[in-house]
1. Just the residues that are in contact (Cβ under 8 Å) with a residue 60 or more places away in the chain and more than 15 Å from the ligand (Cβ to nearest atom), please, taken from the range 46-66.
2. Please tell me if Arg64 is modelled with pLDDT of 95 or more, of a type outside the set (A, V, I, L, M) and in contact with a Phe, Trp or Tyr (Cβ under 8 Å, 6 or more places away or on another chain).
3. Is it true that Ala151 is within 13 Å of the ligand (Cβ to nearest atom), in contact (Cβ under 8 Å) with a residue 12 or more places away in the chain, assigned to a helix (DSSP H, G or I) and not polar (S, T, N, Q)?
4. Hey, Val173 hits all of (1) part of a helix (DSSP H, G or I); (2) in contact with a helix residue (DSSP H, G or I) (Cβ under 9 Å, 6 or more places away or on another chain); (3) within 14 Å of the ligand (Cβ to nearest atom) but one; which does it fall short on?
5. Tell me whether the range 141-162 contains one or more residues that are surrounded by 23 or more Cβ atoms within 10 Å (Cβ to Cβ) and over 24 Å from Leu37 (Cβ atoms).
6. Being surrounded by 12 or more Cβ atoms within 10 Å (Cβ to Cβ), away from the ligand (no atom under 16 Å from the Cβ) and not in a helix (DSSP H, G or I) is the filter here; which residues of the range 176-212 pass it?
7. Quick one: which residue in Leu101, Leu90 is out of contact with any Phe, Trp or Tyr (no Cβ under 8 Å at 6 or more places or on another chain), at pLDDT 95 or above and surrounded by 17 or more Cβ atoms within 10 Å (Cβ to Cβ)?
8. Of the numbered conditions (1) surrounded by fewer than 16 Cβ atoms within 10 Å (Cβ to Cβ); (2) in a loop (DSSP other than H, G, I, E, B), Gly106 satisfies every one except a single condition; which is it?
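The values are calculated or read from the model by the stated rules, or taken from the named source; none is laboratory data. Small disclaimer: the values here were computed from a predicted structure and weren't measured. Don't worry about glycine lacking a Cβ; one is built from the backbone with ideal geometry, like all the others, and counts go over all protein chains shown.
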Amino acid sequence: MSGDRIPSPPEDEVGVGGKKRIIVLASGRGSNFQAILDELSEGSTNGTCVRLISDVPGCFAIERAKFAGVPVTVVDYRAFSSKEDYEKALFHAIKECSPDLILLAGYMRILGREIVRSFHGKIMNIHPALLPSFPGLHAQRQALGYGVKVAGCTVHFVDEMMDSGPIILQKCVPVFPDDDEDRLSERILNEEHRCFPYAVKLFCQDRLEINGRMVRVLQGTPFSRDSHETD
Ligand code: GRF
């Protein structure tokens with residue numbers, strides 16, 4: 001785990017409008033959150049993580065945030081008597097950050113409609129399957145159970161349905177005959193850790209254009225392209 005504070009990117013790689021304000025929502029171990037922090041600390045992404053918001057007090061993502069010096073807000077789901085009250089508190093916590101981009105990095109709840117509508121085109125999720133196949137929980141188990149030969153991950157914008165918004169990036173991994181859920185999950189997770197930060201980088205360079213279900217990746221200036229783009 002890297003504990004580097006986020007340095008300022010070189011001047012020629014900073015967008016004209018300054019760095020994008022990114023917040024991350026996470027409920028668990030936070031390995032995708034860490035991958036994002038590591039990418040941001042490397043300095044070539046025009047963004048800064050201004051806060052982690054978690055619904056699970058004590059989860060490891062919070063430890064990662066503290067280690068990296070990222071402020072944390074805990075909105076403990078269990079402390080609210082209704083989902084509506086929880087969503088109101090979450091909405092308030094999010095609005096206070098004035099985010100340009102909200103990342104669901106292992107956030108294990110469905111975001112309420114008001115939040116999704118208010119931040120249309122500004123919320124991204126990572127899912128451990130090649131959507132639209134295997135939405136929801138235990139995607140890797142679903143994939144193995146179905147007998148697929150190829151699995152993978154998807155980064156997509158969030159809409160009001162579960163795991164259904166416009167797809168930004170997908171990466172495939174092979175499924176081997178002797179795979180179990182852990183082995184397959186680990187193989188997919190490796191790709192998640194590359195895909196999610198890269199989608200964030202594209203967003204921060206204003207290179208993602210949404211048109212209905214289609215997300216177009218716009219050409220970058222030479223300095224804003226990198227080796228991923230030949231993948
Ligand atoms: C990842 O597999 C992600 O695709 C899914 O939840 C898992 C979170 O893992 N949405 P981590 O907390 O980022 O390690």
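1. Step one: of the range 46-66, the residues in contact (Cβ under 8 Å) with a residue 60 or more places away in the chain are 46-47, 64.
Passing the criteria: Asn46, Gly47.
2. Criteria met by Arg64.
3. No; evaluated as a whole, the condition is false for this residue.
4. (1)
5. Scanning the range 141-162 turns up at least one residue that is surrounded by 23 or more Cβ atoms within 10 Å (Cβ to Cβ) and over 24 Å from Leu37 (Cβ atoms).
6. Across the range 176-212, the qualifying residues are Gln205, Asp206, Arg207, Leu208, Ile210.
7. On the way: Leu101 fails: out of contact with any Phe, Trp or Tyr (no Cβ under 8 Å at 6 or more places or on another chain).
Every option except Leu90 fails the conditions.
8. Single failed check for Gly106: (1).
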